[in-house]
Amino acid sequence: MEAEQRFLASDVQIVVIDARRSTSPELLVEPFAGAVEATGGALIALVGEGAESAVPQIMAAGATHYLAAPFGLDAFAATLSSAQRLVERLGGDVKRAGDSRAIRRSDALRWRFDRETGEVELSEALAAEIAGHCAPTPRSLLKSLSRSDRVAAIAAIRMVAYSGGTAAFAHDMAEDGRKRVAHHLHADKDSIVGEVELLPGATIWRKRGQRDYLTGLSNRAEALSWLDEALMEAKTPPIILLLSVSQLDRVNTAYGQMAGDALLGRLARRMERLVDELVGTGALLARITGTEFLIGLSGEVGSEAGMERAKFLARRLVATISQPFNAGDHLIRLTGRCGIAGARKGDDAVRLLRHAAMALADARQSDGEGIRIFTRQRHSREVDPDRLEADLRLALDRGEIDIVFQPQYATGNDELLGVEALARWTHPEHGALGAGVLFATAERSDFLLPLSAHIHAESLRLAAAWPSGLNALRLSINVTAADISQPDFLENFLILVDRSGFPRGRLTVEITESGLVDDIDAVAVLLNQMRAEGLRVAIDDFGTGYSSLAYLKALPLDYLKIDSGLAQDIAGSARDRIIVRGVIQMARSLGLTVIAEGVETEQQLSLLAREGCEIYQGFLRSPAISSDQLAQLV
């Protein structure tokens, strides 16, 4: 990411990536693709001998040229020269005075791009159309487009430049945010000529001054404008997808704000490409908060078919988000959850957004694919976050916070080995609220430490009362980053354990990755103290974001818990299996016991066991159950 930032901050226009020793050269290309596209530059990928089969993936990832080993200086110089010519063709100055009467005809929206000189000629009508909105240079014209439109424009220009045939692309006109135009390109000797056509009836939703500055996507104000107009004008009600991305905060903590911003831009480009591919013109893609994106579907979308289309898009978006980003020695893995809501008669933009947010809250609590659809039956009582914060402070006294236990089994023989204590909130008005809502509400209301202390005490009390048949069972308790940041946490926690009567030797403390990022050295000291006091230590949700392999060697650990998303990848592509296999083998080489979360199918279990995972939990064997139900398993 730092290299990408240096490229953007420099005057360099050509990137050369040496991928000759890489088994996945496209992963080295992809981080630079957006920056190269945005500046009209060129990207040369050097690939190993016999790696020509990877060229389609490399070009799709954003390379403009490639060179396969073995090659000499002459071949490299020729490729570099070709890349330089491409940059010059896309970045030349405008020559307003031209000899072509056809181009200068005042009633035609036309332009001519001279590939040899890099100069552009505009017709008087086109020059008047863009006057005041961007400098009349190829680079400025390209930069005035949105990222997705810019990618399409550059691709079309390159196609005509290389093939001599025809191509077309479309984009929004910037002057009022209400026009969309198409450029029909054809080759004319050493030039490319563009005929500009105003698309009839095209309505686009990107207005000047309403872009998110980090991603180039629409912002919240523009999203609300899109919703208002879609609700008024569309023949069929719009459907919206509210997408939440997790783990971005860890990137900011681990690598710095600039790296986090760059990752956000790369994520936005992934999403743009997917939405363009599956939906095309007319959809909205906006960043409405720091980690939330809104996708709006209108036009031909409607009723059951429209909702199925929205669900398909949501699945693809969540899958796209979960594909790891390469950052030097680390793989950064984000996760996504999505709430979907369709408009009904009488809905306004704010209500529709609220419905999508309610569905998203359900998705955050759910296991599995993490996608939920708003239904009036399920969400008949809307949840007010402010009211929840007030209710939570009474929930402990009312006995509304329940402890359930997620069984953990041996992969080899399904022997019950332990349980993980989890919290659920049974709200008197809203019913069962999962851990996601519970802890988010506690964090907003500055109630996290009292809630955590209650959960620890109640979990230990219940476990200490288990029947003798469960005397060998291990108990895992989660502690938060807020917990371990307290200087007297361990002392108070051990007092709580000893008072409960539950033996220290059967207790595992689970710490999420987010609790490790801030101060690794301080955490290492704390974990050593825990183990010295007879506790065991696990890293929870490994694979959800920061996922540095380096800190595992530095920390005194007993267990590594693989996040459900990573565990489920074992049944995915060959590359996914390689990643999961590598994590398991690395953990075992460090003497750690591997626990897989969220196992849902026999195939996942079989593959995980084959790779060396020893313990699993998930719906395949059992959901989380009460202490009484657990006792009945004996």
| query | If you go through segment 610-634 one residue at a time, how many are surrounded by fewer than 17 Cβ atoms within 10 Å (Cβ to Cβ) and over 20 Å from Glu420 (Cα atoms)? | reply | 2
| query | How do the pairs read when you match residues in segment 330-359 that are part of a helix (DSSP H, G or I) with residues anywhere that are hydroxyl-bearing (Ser, Thr, Tyr) and surrounded by fewer than 23 Cβ atoms within 10 Å (Cβ to Cβ), using Cβ under 9 Å and keeping only pairs 6 or more apart or on different chains? | reply | Ala349/Ser225; Ala359/Thr375
| field | Residue under evaluation Leu607, criteria (1) touching a Lys or Arg at 6+ places or on another chain (Cβ under 8 Å); (2) assigned to a strand (DSSP E or B), criterion not met | value | (2)
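Could you please let me know if Val634 is of a type in the set (A, V, I, L, M) and modelled with pLDDT under 85?
Working: of a type in the set (A, V, I, L, M): yes; modelled with pLDDT under 85: yes.
Here the answer is yes, as Val634 does meet what is asked.
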| message | For the condition among the hydrophobic types (A, V, I, L, M, F, W, C) and modelled with pLDDT of 85 or more, what is the one hit in Val275, Val279? | response | Val275
| task | Output yes when any residue across segment 416-437 is within 22 Å of Met530 (Cα to Cα), modelled with pLDDT of 95 or more, out of contact with any strand residue (DSSP E or B) (no Cβ under 7 Å at 6 or more places or on another chain) and crowded, with 17+ Cβ neighbours inside 10 Å, and no when none is. | result | no
| field | Filtered residues of segment 9-21 (kept if under 26 Å from Ala77 (Cβ atoms) and at pLDDT below 80) | value | Ser10, Asp11, Val12, Gln13
| request: Look through segment 221-248, keep the residues that are at pLDDT 80 or above and in a loop (DSSP other than H, G, I, E, B), and return whichever of them is nearest to Ala363 (Cα to Cα). | output: Pro238
| field | Cβ-Cβ under 8 Å pairs, at least 6 apart or on other chains, segment 413-439 side on the phi > 0 side of the Ramachandran plot, far side surrounded by fewer than 17 Cβ atoms within 10 Å (Cβ to Cβ) | value | Asp414/Arg621
| task | Give the residue, chosen from Ser459, Ser445, that is more than 20 Å from Phe542 (Cα to Cα), of a type in the set (S, T, N, Q) and surrounded by 19 or more Cβ atoms within 10 Å (Cβ to Cβ). | result | Ser459
| Does segment 554-575 contain any residue that is over 27 Å from the mean Cα position of the chain (by Cα), modelled with pLDDT under 90 and not in a strand (DSSP E or B)? | yes
| Within segment 556-609, considering residues that are under 20 Å from Ile511 (Cα atoms) and among the hydroxyl-bearing types (Ser, Thr, Tyr), the one surrounded by the fewest Cβ atoms within 10 Å (Cβ to Cβ) | Thr593
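Would you point out which residue out of Val594, Val580 is under 27 Å from Lys553 (Cα atoms), touching a Cys at 6+ places or on another chain (Cβ under 6 Å) and either touching a residue at least 12 places away in the same chain (Cβ under 8 Å) or in a helix (DSSP H, G or I) (or both)?
Working: Val580 fails: touching a Cys at 6+ places or on another chain (Cβ under 6 Å).
Of Val594, Val580, the one residue that is under 27 Å from Lys553 (Cα atoms), touching a Cys at 6+ places or on another chain (Cβ under 6 Å) and either touching a residue at least 12 places away in the same chain (Cβ under 8 Å) or in a helix (DSSP H, G or I) (or both) is Val594.
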| note | Considering residues that are assigned to a loop (DSSP other than H, G, I, E, B) and not hydroxyl-bearing (Ser, Thr, Tyr), the number found within segment 265-291 is 6
| field | Filter result (at pLDDT below 70 and in contact with a Lys or Arg (Cβ under 9 Å, 6 or more places away or on another chain)) within segment 52-84 | value | none
| request: Test each condition in (1) within 20 Å of Gln406 (Cβ to Cβ); (2) surrounded by 20 or more Cβ atoms within 10 Å (Cβ to Cβ) for Leu473 and report the one that comes out false. | output: (2)
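The values are calculated or read from the model by the stated rules, or taken from the named source; none is laboratory data. Only a predicted model underlies this, so the values are computations on that prediction, with no experimental measurement involved. A quick note on method: Cβ atoms are made from the backbone with ideal geometry, for glycine too, and the neighbour counts reach across all protein chains shown.
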